[in-house]
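What follows is a single structure, written as structure tokens, with notes after it.
Nothing in this text is a laboratory measurement; each read-out follows from the coordinates by a stated rule. Keep in mind the model is a prediction, meaning the values are calculated, not measured. Here the Cβ is made from the backbone with ideal geometry for all residues, glycine too, and neighbour counts use every protein chain on show.
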Amino acid sequence: MVKAGLKETGSDMNKRLLWASLILFITLIPFSDRTLAQVVIRGGLLIDGTGREPIPNSVVVIEGGTIKAIGPVGRVVTPTGATIIEANNKIVLPGLIDMHVHYRSWEDHLFISHGVTTVRDVGNSLAEILQERKRSQEEGVAKPRVYTCGPFLDGFPPIFVMQVSYPVTTPEEAKAATSKLIRAKVDCLKTQQNITLPLLEAITAVAKKGKLPVTAHLGDSRLGNIKASAAIALGIKGLEHISGIDFLTTPQSELEEIADMIVSHSVFVDATLVLDEILSKLLDPELKKDPLLKQVPPKEFAWWERVYGLNTWWTERHSNRWRTILRKKKEFIRMLIKKGGVITAGTDTPVPYMYPGVSLHRELELLVSAGLTPMQAIMAATKNAAELLGHADRLGTLEAGKTADLQILSHNPLENISNTKSVEVVLRDGRIVWKK
């Protein structure tokens with residue numbers, strides 16, 4: 001506004017034009033890109049991830065990216081002026097968490113469009129993954145929230161290249177490498193197959209002081225690598241791939257003892273059954289016909305061919321072995337669940353034909369086929385995952401005070417776990433990041 005009697009200068013006019021442009025810009029920002037003051041999701045069947053009974057005709061009140069109130073219609077007041085998202089005849093579910101990925105930025109759309117709002121990276125270049133984690137924390141990004149263990153802690157020679165591994169040969173080196181990762185502020189620590197018992201002991205000791213969970217991918221126990229029971233005794237918090245157990249020869253009595261130890265030491269088991277399934281059919285020509293293959297960068301596919309021997313050394317004998325392992329792992333999970341074991345859901349994407357998001361839904365199907373109820377499978381990818389991450393205070397379940405990461409489905413996954421695929425809307429931090 002120009003005061004009477006004063007002449008407007010060019011500078012004043014420029015300021016007015018700038019403010020007018022800014023106001024117009026804000027007005028034109030799409031709904032999904034704004035920080036919404038209040039959003040209400042109303043009318044859906046709420047499966048909150050805690051394991052409690054679903055709430056029909058629910059109301060979820062979101063303010064500033066946080067759930068402010070949640071419950072049935074009639075008990076939760078809808079704020080005046082809030083943006084309403086009607087979810088009648090729909091399902092409201094927490095955003096899913098994939099607990100075993102090797103994150104690449106090309107995966108973002110596939111994760112988000114399949115309802116995966118958080119991932120745990122368990123092996124990557126430190127500088128690159130810390131940068132990706134930072135980007136994932138930016139407001140309004142349509143990508144999953146990233147937590148990371150940084151590079152693998154491995155023995156020598158490392159299983160994977162030096163860019164993604166910290167190979168160590170002595171307990172002193174193991175302590176130094178662990179301390180370096182703690183100083184870098186990683187979210188967890190991941191040991192790889194060639195780590196030895198003295199090295200793992202050094203790592204877990206430093207990790208305990210630094211209050212970081214250690215998750216372990218153990219090597220083939222037939223070759224003298226660490227057994228699961230020994231790693232559990234040293235204090236690992238997560239067991240990847242149910243490794244460190246020879247499922248082809250271990251007697252049932254010993255499997256029972258290992259399961260009891262997992263439960264008594266409160267170890268989370270990330271089964272990655274979908275990985276075993278993929279390896280069991282790696283030679284299936286139908287895999288190359290999947291339309292999702294077009295979304296895989298050529299560089300990634302070349303890595304698949306080199307590391308997994310596609311079209312070279314992989315044979316039907318390898319596939320048959322993994323079919324047997326998959327069956328045995330399912331039997332173990334069925335026993336573990338009956339004993340009170342806790343499962344998390346992970347995939348190992350992007351190994352060959354393991355598509356982000358899609359593979360997590362398949363993992364849930366396989367977990368149900370292994371004896372979990374649909375509710376338990378959902379908890380594996382929500383509540384249990386958040387607990388292992390150490391962020392159950394704000395992620396994993398839909399409760400007042402927690403981050404508003406959620407999705408709206410068209411069909412009920414408690415009736416059929418495959419219905420987790422029926423994603424229609426995805427919110428991260430209370431804003432729509434994907435809509436069908």
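Rg/Rh for segment 295-367 (Cα atoms only, Rh after Kirkwood) is 1.05. Counting only DSSP beta bridges whose two residues both lie in the chain, roughly 45 percent are antiparallel. Full extension of the chain between THR66 and ALA82 gives 4.4 nm of extra length, using 0.36 nm per residue less the Cα-Cα distance. Build a GNM of the chain with springs between Cα atoms under 10 Å apart, and of GLY219, GLY309, GLY357 the one that fluctuates most is GLY309. Listed by Cβ neighbour count within 10 Å, with the fewest neighbours leading, TRP304, TRP434 appear as TRP304, TRP434. Dipole size of segment 244-343 about its Cα centre, with +1 on Lys/Arg Cβ and -1 on Asp/Glu Cβ: approximately 320 debye, rounded to the nearest 20.
Counting neighbouring Cβ atoms within 10 Å and putting the fewest first, the residues MET375, MET162 line up as MET162, MET375. From largest to smallest, what semi-axes in whole angstrom does the chain give when each is the square root of 5 times an eigenvalue of its alpha carbon gyration tensor? After diagonalising the Cα gyration tensor, the semi-axes are 42, 26, 22 Å.
Principal-axis analysis of the Cα atoms of the chain puts helix 298-308 at an angle of about 20° to the longest axis. The local environment of LYS294, defined by Cβ-Cβ distances under 15 Å, has a net charge of 0 under the rule Lys, Arg +1 and Asp, Glu -1. If you run the Gaussian network model on the chain, springs between alpha carbon atoms under 10 Å, then out of ASN89, ASN124, ASN194 the most flexible one is ASN89. Per-peptide packing, taken as the mean over residues of other Cβ atoms within 10 Å, places 93-99, 58-64, 117-123, 227-233 in the sequence 93-99, 117-123, 58-64, 227-233 from highest down.
Around the Cα centre of the chain, unit charges on the Cβ atoms of Lys, Arg, Asp and Glu (plus for the first two, minus for the last two) sum to a dipole of about 840 debye. Near GLY123: Cβ cut-off under 11 Å, other residues only, Lys/Arg at +1 and Asp/Glu at -1. The net charge is -2. Applied to segment 69-82, the Karplus parametrisation 6.51 cos²θ - 1.76 cosθ + 1.60 on θ = phi - 60° returns per-residue 3J(HN,Hα) values of 8, 7, x, x, 4, x, 9, 10, 7, 7, x, 5, x, 6 Hz, with x for Gly and Pro. Label positions at GLU257 and GLU331, each projected 7 Å from the Cα along the C-beta direction, are separated by 1.8 nm. The residues packed around SER418, meaning those with a beta-carbon under 10 Å from its beta-carbon, carry a net charge of 0 if Lys and Arg are +1 and Asp and Glu are -1. For the peptides 238-246, 133-141, 392-400, residues were scored by their other Cβ atoms within 10 Å and the scores averaged per peptide; the highest-first order is 238-246, 392-400, 133-141.
Quick one: angle between helix 10-28 and the longest Cα principal axis of the chain, in degrees between 0 and 90, rounded to 10, please. It works out to around 60 degrees. Among THR420, THR78, THR215, determine the one that fluctuates most according to a GNM of the chain built with springs between C-alpha atoms less than 10 Å apart. Looking only at THR420, THR78, THR215, the largest GNM fluctuation is found for THR78.
With each label modelled as a point 7 angstrom along the Cα→C-beta vector, the LEU248-GLN131 pair spans 4.2 nm.
log₁₀ I(q)/I(0) of segment 96-172 at q = 0.13, 0.21, 0.24 Å⁻¹, via Debye over equal Cα point scatterers, no solvent, to two decimals? Log10 I(q)/I(0), no solvent term: -0.42, -0.87, -1.03. Taking the centroid of alpha carbons for each part, segment 371-436 and segment 62-79 are 17 Å apart. Protection proxy ranking for 46-57, 317-328, 287-298, using the average of other Cβ atoms within 10 Å per residue and placing the highest first: 46-57, 317-328, 287-298. Dividing the summed helix terms, -39500 (n - 2.57) for each DSSP H run of n ≥ 4, by the number of residues in the chain produces a 222 nm estimate of -10500 deg cm²/dmol to the nearest 500.
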